[in-house]
1. Six or more apart or on different chains, Cβ atoms under 8 Å: show the pairs whose first residue is in the stretch 1-27 and among the basic types (Lys, Arg) and whose second is at pLDDT 95 or above and surrounded by 15 or more Cβ atoms within 10 Å (Cβ to Cβ).
2. Can you tell me which residues in the stretch 1-46 are in contact with a Ser or Thr (Cβ under 7 Å, 6 or more places away or on another chain), in a helix (DSSP H, G or I) and either among the charged types (D, E, K, R) or surrounded by fewer than 17 Cβ atoms within 10 Å (Cβ to Cβ) (or both)?
3. Of the numbered conditions (1) free of Cβ contacts under 8 Å to residues at least 12 places away in the same chain; (2) in contact with a Pro (Cβ under 7 Å, 6 or more places away or on another chain), Asp205 satisfies every one except a single condition; which is it?
4. For the stretch 130-159: of the residues being within 11 Å of Gly112 (Cβ to Cβ) and β-branched (Val, Ile, Thr), which is surrounded by the most Cβ atoms within 10 Å (Cβ to Cβ)?
5. Only one of Gly226, Gly239 is surrounded by fewer than 18 Cβ atoms within 10 Å (Cβ to Cβ) and either in contact with a His (Cβ under 7 Å, 6 or more places away or on another chain) or of a type outside the set (S, T, N, Q) (or both). Can you tell me which?
6. For the subset of the stretch 208-227 comprising residues that are part of a loop (DSSP other than H, G, I, E, B) and in contact with a helix residue (DSSP H, G or I) (Cβ under 6 Å, 6 or more places away or on another chain), which member is nearest to Gly269 (Cα to Cα)?
7. Pairs needed: first member in the stretch 237-266, free of Cβ contacts under 8 Å to residues at least 24 places away in the same chain and within 15 Å of Ile277 (Cα to Cα); second member anywhere, of a type in the set (Ser, Thr, Tyr) and part of a helix (DSSP H, G or I); C-beta distance under 9 Å; at least 6 residues apart or different chains.
8. If I go through the stretch 58-75 residue by residue, how many of them are surrounded by 16 or more Cβ atoms within 10 Å (Cβ to Cβ) and under 18 Å from Ala19 (Cα atoms)?
Amino acid sequence: MQSPLLIGAHISIAGGLDAALYAGKEIGATTIQIFTANQRQWAAKTLQETEVQKFKKALLETGLKSITSHDSYLINLGSPNTIVREKSIAAFRKEIERSQALGISYLNFHPGAALEGNREECLFAIADALSSMQDCFDKGKTNLILLLEITAGQGSVVGSTFDELGFIIQQVKGKVPVGVCLDTCHAFASGYDLRTKETFSATLDQFDKIIGLSHLHAMHLNDSEGGLSSHKDRHSPIGEGMIGKPGFSAIMKDPRVRDLPKYLETPGGLEIWKKEIAWLKTQAL
């Protein structure tokens with residue numbers, strides 16, 4: 001008997017952390033992604049115990065699993081600016097602590113940007129920052145896994161290739177639990193073709209060769225406004241972008257990624273996500 005599909009979307013926490021879970025359930029989601037705090041502010045409010053208990057109660061009542069938290073957009077672990085990097089490391093540690101308190105499965109984050117610095121130095125800086133979080137995971141404190149999200153490769157942003165993601169993973173191996181979230185829009189914009197069964201299969205083969213499929217823990221399902229290798233981070237609704245429905249059908253049918261949690265970040269909101277989730281379920285094996 002196959003396990004239930006884990007498909008959902010990034011849900012707003014405007015009504016509360018627990019409300020996001022109930023909203024996900026209402027649109028047919030079996031998993032969701034959230035922010036655990038305001039993603040555009042450095043300072044985040046400390047989670048209250050009542051918030052934590054309401055979230056855990058909602059988890060039990062909805063049956064949602066493999067919840068992912070997305071970190072703040074302000075964080076840049078590879079920044080060449082010492083002040084920004086120190087603020088980023090402190091903020092990322094808080095992201096870990098909030099995710100652990102809520103019992104969240106994954107913390108998804110964009111690796112970072114070199115800005116005016118060197119790309120290789122940026123990658124080393126990211127790995128060093130992640131390694132500094134080792135104490136957060138000592139003595140089996142949590143099952144939380146950190147997920148490097150592949151980027152579209154715009155500007156000085158790093159992490160747009162399997163080689164760069166693999167480099168970071170190798171640097172922190174054995175220090176912190178880390179894996180990859182494959183964003184379809186970002187991967188496609190970076191140059192990985194996902195439009196057919198054959199090209200998606202070849203992309204997974206390449207991922208396995210460079211990083212290893214055991215490190216692929218989740219996916220963001222987003223169509224792409226830009227073309228292959230456009231390096232444009234512009235999400236489109238499923239089937240309305242340059243990847244197209246055949247590509248997403250291939251993704252849902254590939255047994256190697258069937259059981260991975262998949263999160264929509266497409267434009268449109270709850271009603272659109274409800275339709276997209278329903279369609280994606282029909283494409284699965």
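The values are calculated or read from the model by the stated rules, or taken from the named source; none is laboratory data. From a predicted model like this one, the values you see are computed outputs, not experimental measurements. Neighbour counts are summed over all protein chains in view; Cβ atoms, including those assigned to glycine, are modelled from backbone coordinates with ideal geometry.
1. Lys25/Thr62; Lys25/Leu64
2. Tyr22, Lys25
3. Among (1) free of Cβ contacts under 8 Å to residues at least 12 places away in the same chain; (2) in contact with a Pro (Cβ under 7 Å, 6 or more places away or on another chain), the lone unmet condition for Asp205 is (2).
4. So, considering only residues that are within 11 Å of Gly112 (Cβ to Cβ) and β-branched (Val, Ile, Thr), the one surrounded by the most Cβ atoms within 10 Å (Cβ to Cβ) is Thr151.
5. Values: Gly226 fails: surrounded by fewer than 18 Cβ atoms within 10 Å (Cβ to Cβ).
Exactly one of Gly226, Gly239 is surrounded by fewer than 18 Cβ atoms within 10 Å (Cβ to Cβ) and either in contact with a His (Cβ under 7 Å, 6 or more places away or on another chain) or of a type outside the set (S, T, N, Q) (or both), namely Gly239.
6. Checking each candidate, the answer is Asn222.
7. Taking only residues 6 or more apart or on different chains, not a single pair turns up.
8. Of the stretch 58-75, the ones surrounded by 16 or more Cβ atoms within 10 Å (Cβ to Cβ) are 58-59, 62, 64, 66-72, 75.
Then drop every residue that is not under 18 Å from Ala19 (Cα atoms), which leaves 58-59, 62, 64, 66-70.
Of the residues in the stretch 58-75, 9 are surrounded by 16 or more Cβ atoms within 10 Å (Cβ to Cβ) and under 18 Å from Ala19 (Cα atoms).
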